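I have placed the structure first, in the form of structure tokens, so that the comments after it can refer back to it.
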Amino acid sequence: MIPRIPMDFVDCTREEHGEAILELINHAIVETHMIFDYRPRRIADIEAWFEEKRAKGFPVVGILHNGEFAGFATYGTFRPRHGYKYSVEHSMYLREACCGKGLGRPLLRELVRRAEEQGIHMMIGFIDPRNVSCIKLHLSEGFECAGTIRECAWKAGQWMNLTLLQKILATPLNPDESIPGEQPKSSERHFHEHNRECRNADILRIH
């Protein structure tokens with residue numbers, strides 16, 4: 001019988017987990033190639049980050065190991081245009097001392113479950129190709145490699161590559177083209193309205 005990993009999930013808050021998350025992110029910036037930033041972040045940055053997650057309804061899932069905060073996973077806007085509303089870009093961070101303890105897989109699965117609950121269709125992760133264990137984890141959980149973007153960032157005196165991993169979910173059951181705060185439109189109606197707007201724009205340009 002495989003022993004149960006002593007862990008629990010928690011919905012992270014700025015007040016309770018902000019400093020621990022800041023520490024994890026800054027370690028990734030300064031000590032690793034996981035984040036292509038040059039300067040460590042400040043607590044004010046984390047406060048704004050949490051506020052954006054709250055405003056958009058994106059989860060920040062923490063994982064506890066033996067009662068201690070071990071890491072977190074989250075997702076956010078993939079691209080800002082309306083047509084991408086069912087796609088998210090996700091990220092995961094574990095404390096160095098907690099790596100290799102079997103926490104990454106349940107954390108990733110919990111994040112996927114949250115995405116399905118929210119009607120997300122596509123989860124997208126950008127991972128340094130040298131992070132082989134993370135890529136293998138994603139592949140074993142049904143993600144597919146969509147390719148590698150070469151030399152897309154400069155850090156630590158060298159060009160950095162990014163491997164793109166994606167997972168298509170069965171959700172949502174009834175996707176639509178609605179925009180928050182606006183009256184939903186059917187695809188056909190929206191298509192014809194868009195064409196009419198384009199024709200009107202062409203007429204205005206001609207005159």
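Run the reach check for K155 against aspartates and glutamates, Cα to Cα strictly under 13 Å, same-chain hits fewer than 8 apart removed. What comes back? Excluding near neighbours in sequence, the set is E31, D37, D128.
Within straight-line reach of K56, meaning a Cα separation under 16 Å, sit the following lysines at least 8 residues removed in sequence or on another chain: K85.
Placing a pseudo-label 7 Å from each Cα along the Cα-to-Cβ vector at E182 and K136 gives an inter-label distance of 4.7 nm. Take 54-65, 8-19, 150-161 and order them by the average number of nearby Cβ atoms within 10 Å per residue, most first; the result is 54-65, 8-19, 150-161.
Projecting the Cα atoms of P80, A97, C134 onto the charge dipole of the range 39-168 (Cβ charges, centred on the Cα centre) puts P80 farthest toward the positive pole. Here K101 is the anchor, and the lysines within straight C-alpha reach of less than 29 Å, apart from those fewer than 8 places off in the same chain, are K53, K136, K167. Its Cα centre serving as origin, the range 1-121 has a Cβ charge dipole (Lys and Arg +1, Asp and Glu -1) of approximately 500 debye.
Dipole check for the range 56-120: with +1 at the C-beta of Lys and Arg, -1 at the C-beta of Asp and Glu, and the Cα centre as origin, the magnitude is about 220 Debye.
Roughly speaking, what is the centre-to-centre gap between the range 149-170 and the range 60-132 when only Cα atoms are used, to the nearest Å? Here the answer is 16 Å between Cα centres.
Throughout, read-outs are computed from the coordinates displayed, never taken from laboratory work. Computed from a predicted structure; not experimentally measured. With ideal geometry, Cβ positions are generated from the backbone for all residues, glycine too; neighbour counts draw on all protein chains shown.
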